[in-house]
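Participant: I have a structure I would like to understand better, so I am pasting it below and will then ask my questions one at a time.
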Amino acid sequence: MPANGKPRVAVFKLASCDGCQLQMLNLEDELLDLAGQMEICYFLEARSQVLDGPYDVALVEGSVTTEHDLERVRDIRRKSQTLVTLGACANTGGIQALRNMQDVDEYTRAIYANPAYIHALAQSTPIAAHVTVDFAINGCPISREQLLEVLTSLLIGRSPQLPAHSVCVECKRKGTVCVLVSKGIACLGPVTHAGCGAVCPGFGRGCFACYGPMESANADSLCQGLAARGVPRPEILRLLNGFTGWAEEFRSAAERLERATT
Amino acid sequence: MIATNETRTIRLESMTRVEGEGGLRIEIRDGRVQDVNFDIYEAPRFFEAFLRGRSLREVPDFTARICGICPAAHQMSAVQAIETALGIMPGQEIRALRRLLYCGEWIESHALHIYLLQAPDFFGMESALTLSKEQPELVKRGLELKKIGNEVMTIVGGRSVHPVSVCVGGFWKAPQRQELLKLRTRLEWALQASLDTVKFVSGLKLPAFAADYECVSLSHPREYAMNDGAIVSSAGLNIPVRDFDQVFLEEHVAHSTALHTVRAEHGSSYLVGPLARMNLNRSQLPPAARQAANECGIAWPCPNPYAGIVARAVELVMASEESLRLIDTYREPEPANVEYAIRAGEGCAATEAPRGLLYHRYRINDQGIVQSARIVPPTCQNCRRIEDDLRLMVHGILDRPDAEIVDACEKLVRNYDPCISCSTHAVRIQINHR
Ligand code: SF4
Ligand code: SF4
């Protein structure tokens, strides 16, 4: 952070739904104060003023899906001291990475009458596949609390403290009955990063890992557990191959499961 | 191309204060507007392609991710389309709870647009952040309204961006009456703040502009249409939703990853969204909203796109008022979702997203797996109309410098509250295109 003057912050969007940057605007009680403590140099959705880099902090939403995205993300990295990725798209390629196993030309032909107009890379990839990422905030969308924690930490120059435990721990803390044990519902909570407050089990449904795999997630053993409880394999595969399915932990577990199936 | 020396091209790389990223390109030749492109270059995310092969149960969670600003809208159209395919119809309690979730989204989205995205234009400011230095109370009112919309969504949906409670057949879990009652005082405040919003926007000096719109929206016999209804237009159209594909056509143009929707009959553009709804459905507004509409100084039906901000404000009143009614008459649906048997079928549904008509259609096989999906968001339907309006407006201000023209265009486009994320991320799937 600059010793004097406000830190210069920029918010960028690649292939995404806008939901993660909306979470910044959803900090209704803190937004004006936050904006007073930093200089928001670039945030197209929120303001027309555009100030060139360098930036102290770049917040990047979305995955890399075109050549243009790739150039942009390299340019952002060059201009920014600290690069923070926002959400499942930026961290794992997002839901649009479901196309990574498919033939993108076929997709384009299927959707657009004039495929020649469309320029898309074959895969939707996370930011970290291309440049160094300093902090990743998880979630689809990210949680406002975690965003606030990261922003205020960066403002005062300490390391952000984000939980490293699983959604399961959040269920236990909230006293939510385990949906897997009590109802046999397939749930990825044991291998998923905390942060959402275990909202899905709270609604009586399983977690589909929108916060992505936690560190040292043992997806294989969870898959065996789910299978033992009678969850059909195609369903386990679909769960793994979901919102953060391109994350290494889930992708490799799905591949192993598929090999075991055939 | 000829006469290149007389061609003037005006470009805007990236529009600001809109959802998603897009630009504008205007070409003027021999003193005439030759070409107007609302450039949408955001990368497509191929939703309609990767939905194929997924379970019908996953569709509401997947389609929510088309747009972070209107996830519930996509969920609503999606679940109802699938329910049609399955031949089930959840009861009135579930329908009412869906309407409440939807009202929360309308409040959130409309407050965001009025106060954070569009209001700065009327004060010559670059953002609400700057505006807040001069008018802190105004911006805070907008943020508080937005927050209340989010609170409604969080109680009903678990969270405001990408709610988790919606499922085919109803809800994973329905809130208890007690929880909803907590929202009451908040919504009473929102209702008053919405009425103040109507007063505020009625006092703005709206640029004069009139276009010959065909307004299109859902219409429902007993309420301000949101969940369902027939598709009607100011040109006399009145069709069931299942005829959508016969009446509206999508075209793929070079400058856009969003497909443009036009009227199939004559290839003409049409208008969806708050202004279109107010022009067609205002007689069904609940009392406070109707009174606000009558007293706001706009003569309805209104052909001026800049009055969109007033239409949006009246709908804020409607959504707050309606939320209160829905909470007061709430009966917890039991069970929270209706059971269904998987069967092969095809179904479609349309609902009114904050930005206008949102159409979804799915074909499902007998295993409950999606075979095809088609999603037509409001912005795709407004794209052509936006270009028509830009052409009209630019024609009248050709003598001005480029920067002024660009500024005027950007302001005009904001009236439609375009959602570029929606428009590029939800594109149609059609295997055979000849
Ligand atoms: S991670 Fe989810 S919420 Fe965030 S931009 Fe991507 S799709 Fe939207
Ligand atoms: S429980 Fe899982 S899927 Fe649900 S919000 Fe939390 S991380 Fe996402």
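Participant: Does B:Gly356 qualify as being over 17 Å from B:Phe62 (Cα atoms), touching a strand residue (DSSP E or B) at 6+ places or on another chain (Cβ under 9 Å) and open to solvent by 10 Å² or more (accessible area, probe 1.4 Å)?
Facilitator: Criteria not met by B:Gly356.
Participant: Please go through segment B:288-305 and pick out each residue that is closer than 10 Å to B:Met318 by Cβ and either open to solvent by 60 Å² or more (accessible area, probe 1.4 Å) or assigned to a loop (DSSP other than H, G, I, E, B) (or both).
Facilitator: Of everything in segment B:288-305, just one residue is closer than 10 Å to B:Met318 by Cβ and either open to solvent by 60 Å² or more (accessible area, probe 1.4 Å) or assigned to a loop (DSSP other than H, G, I, E, B) (or both), namely B:Arg290.
Participant: Next question, about the same structure. Can A:Gly212 be described as more than 13 Å from chain B (Cβ to nearest Cβ), modelled with pLDDT under 95 and either more than 16 Å from ligand 1 (Cβ to nearest atom) or under 19 Å from A:Leu86 (Cα atoms) (or both)?
Facilitator: No: the conditions fail for A:Gly212.
Participant: In segment A:11-30, is there at least one residue being modelled with pLDDT of 95 or more and open to solvent by 60 Å² or more (accessible area, probe 1.4 Å)?
Facilitator: Looking through segment A:11-30, at least one residue is modelled with pLDDT of 95 or more and open to solvent by 60 Å² or more (accessible area, probe 1.4 Å).
Participant: Looking at segment B:115-134, which of its residues are surrounded by fewer than 19 Cβ atoms within 10 Å (Cβ to Cβ) and not β-branched (Val, Ile, Thr)?
Facilitator: Correct list: B:Phe122, B:Phe123, B:Gly124, B:Glu126, B:Lys133, B:Glu134.
Participant: Does segment B:403-433 hold any residues that are at pLDDT below 50 and at the interface with another protein chain (Cβ under 9 Å from one of its Cβ atoms), and which are they?
Facilitator: Residues satisfying the conditions are B:His425, B:Val427, B:Arg428, B:Ile429, B:Gln430, B:Ile431, B:His433.
Participant: Follow-up. Of the residues A:Gly36, A:Gly53, which is assigned to a loop (DSSP other than H, G, I, E, B) and of a type in the set (Gly, Ala, Ser)? Break it down stepwise before answering.
Facilitator: Values: A:Gly36 fails: assigned to a loop (DSSP other than H, G, I, E, B).
Answer to the selection: A:Gly53.
Participant: Separate question: State all residues of segment A:162-209 that are more than 16 Å from ligand 1 (Cβ to nearest atom), within 23 Å of B:Cys167 (Cα to Cα) and polar (S, T, N, Q); if no residue qualifies, say none.
Facilitator: Of everything in segment A:162-209, those that are more than 16 Å from ligand 1 (Cβ to nearest atom), within 23 Å of B:Cys167 (Cα to Cα) and polar (S, T, N, Q) turn out to be A:Thr176, A:Ser182.
Participant: Would you call B:Leu326 under 22 Å from B:Ala73 (Cα atoms) and either surrounded by fewer than 16 Cβ atoms within 10 Å (Cβ to Cβ) or over 15 Å from the mean Cα position of the chain (by Cα) (or both)? Please lay out each step first, then the result.
Facilitator: Working: under 22 Å from B:Ala73 (Cα atoms): yes; either surrounded by fewer than 16 Cβ atoms within 10 Å (Cβ to Cβ) or over 15 Å from the mean Cα position of the chain (by Cα) (or both): yes.
Taking the combined requirement at face value, the residue satisfies it.
Participant: Select the helices (runs of 4 or more DSSP H) contained entirely in segment B:81-173, then report the ones holding at least 2 residues which are facing chain A (nearest Cβ under 9 Å) and more than 16 Å from ligand 2 (Cβ to nearest atom).
Facilitator: Hits in segment B:81-173: B:128-134, B:136-157.
Participant: When the residues of segment A:215-243 are narrowed to those that are within 12 Å of another protein chain (Cβ to nearest Cβ) and within 13 Å of ligand 2 (Cβ to nearest atom), which ends up surrounded by the most Cβ atoms within 10 Å (Cβ to Cβ)?
Facilitator: So, considering only residues that are within 12 Å of another protein chain (Cβ to nearest Cβ) and within 13 Å of ligand 2 (Cβ to nearest atom), the one surrounded by the most Cβ atoms within 10 Å (Cβ to Cβ) is A:Phe243.
Participant: Looking only at segment A:56-79, count how many residues are open to solvent by 10 Å² or more (accessible area, probe 1.4 Å) and either of a type outside the set (D, E, K, R) or at the interface with chain B (Cβ under 9 Å from one of its Cβ atoms) (or both).
Facilitator: Number of matching residues: 4.
Participant: Considering only segment A:80-98, how many residues are within 14 Å of ligand 1 (Cβ to nearest atom) and open to solvent by less than 10 Å² (accessible area, probe 1.4 Å)?
Facilitator: Total satisfying the criteria: 11.
Participant: Could you list, in sequence order, all residues of segment B:16-59 that are among the acidic types (Asp, Glu), surrounded by fewer than 23 Cβ atoms within 10 Å (Cβ to Cβ) and closer than 29 Å to A:Arg99 by Cα?
Facilitator: Kept after step one, since they are among the acidic types (Asp, Glu), are these residues of segment B:16-59: B:19, B:21, B:27, B:30, B:35, B:39, B:42, B:48, B:58.
Subset that is surrounded by fewer than 23 Cβ atoms within 10 Å (Cβ to Cβ): B:27, B:30, B:35, B:39, B:58.
Result: B:Asp39, B:Glu58.
Participant: Out of A:Cys207, A:Cys200, I need the residue that is within 14 Å of chain B (Cβ to nearest Cβ), touching a helix residue (DSSP H, G or I) at 6+ places or on another chain (Cβ under 6 Å), within 14 Å of ligand 2 (Cβ to nearest atom) and modelled with pLDDT of 95 or more. Which one? Let's see the steps before the verdict.
Facilitator: Details: A:Cys200 fails: touching a helix residue (DSSP H, G or I) at 6+ places or on another chain (Cβ under 6 Å).
After applying the criteria, what remains is A:Cys207.
Participant: If you scan segment A:218-233, which residues turn out to be among the hydrophobic types (A, V, I, L, M, F, W, C) and touching a residue at least 40 places away in the same chain (Cβ under 8 Å)?
Facilitator: The answer is A:Leu226, A:Val231.
Participant: Something else about it: Filter segment B:44-72 down to the residues that are within 7 Å of another protein chain (Cβ to nearest Cβ) and of a type in the set (A, V, I, L, M) and list them by number.
Facilitator: Correct list: B:Ala49, B:Ile66, B:Ile69.
Participant: Across segment A:177-196, what is the total count of residues that are within 10 Å of ligand 2 (Cβ to nearest atom) and either over 21 Å from B:Glu58 (Cα atoms) or open to solvent by 30 Å² or more (accessible area, probe 1.4 Å) (or both)?
Facilitator: Of the residues in segment A:177-196, 3 are within 10 Å of ligand 2 (Cβ to nearest atom) and either over 21 Å from B:Glu58 (Cα atoms) or open to solvent by 30 Å² or more (accessible area, probe 1.4 Å) (or both).
Participant: For the structure I just gave you, tell me whether A:Ala253 is away from ligand 1 (no atom under 16 Å from the Cβ) and open to solvent by less than 70 Å² (accessible area, probe 1.4 Å).
Facilitator: yes
Participant: Something else about it: For segment B:187-218, what are the residues that are open to solvent by 30 Å² or more (accessible area, probe 1.4 Å) and of a type in the set (Ser, Thr, Tyr)?
Facilitator: Residue satisfying the conditions is B:Ser202 alone.
Participant: How many residues does segment A:157-172 contain that are loosely packed, with under 14 Cβ neighbours inside 10 Å and in contact (Cβ under 8 Å) with a residue 40 or more places away in the chain?
Facilitator: Qualifying residue count for the region: 2.
Participant: Also: What number of residues in segment B:368-421 are charged (D, E, K, R) and either closer than 16 Å to B:Glu214 by Cα or crowded, with 24+ Cβ neighbours inside 10 Å (or both)?
Facilitator: 6
Participant: In segment B:155-191, what residues are touching a helix residue (DSSP H, G or I) at 6+ places or on another chain (Cβ under 8 Å) and hydroxyl-bearing (Ser, Thr, Tyr)?
Facilitator: Those that are touching a helix residue (DSSP H, G or I) at 6+ places or on another chain (Cβ under 8 Å) and hydroxyl-bearing (Ser, Thr, Tyr): B:Ser160, B:Ser165.
Participant: Would you be able to tell me the number of residues in segment A:17-33 that are away from ligand 1 (no atom under 16 Å from the Cβ) and either without any contact (Cβ under 8 Å) to a residue 24 or more places away in the chain or not in a loop (DSSP other than H, G, I, E, B) (or both)? Don't jump to the end; show me each part of the working.
Facilitator: Restricting attention to segment A:17-33, the residues satisfying the condition of being away from ligand 1 (no atom under 16 Å from the Cβ) are A:28-33.
Filter again for either without any contact (Cβ under 8 Å) to a residue 24 or more places away in the chain or not in a loop (DSSP other than H, G, I, E, B) (or both), leaving A:28-29, A:31-33.
Within segment A:17-33, residues that are away from ligand 1 (no atom under 16 Å from the Cβ) and either without any contact (Cβ under 8 Å) to a residue 24 or more places away in the chain or not in a loop (DSSP other than H, G, I, E, B) (or both) number 5.
The values are calculated or read from the model by the stated rules, or taken from the named source; none is laboratory data. This one's a predicted model, so the numbers in the text were calculated from it and none came from an experiment. FYI the Cβ positions are ideal-geometry reconstructions off the backbone, even for glycines, and counts take in every protein chain you see. Note: accessible area is taken over every heavy atom of the protein model, side chains too, but ligands, DNA and RNA are not part of it. Shrake-Rupley method; radii C 1.70, N 1.55, O 1.52, S 1.80 Å.
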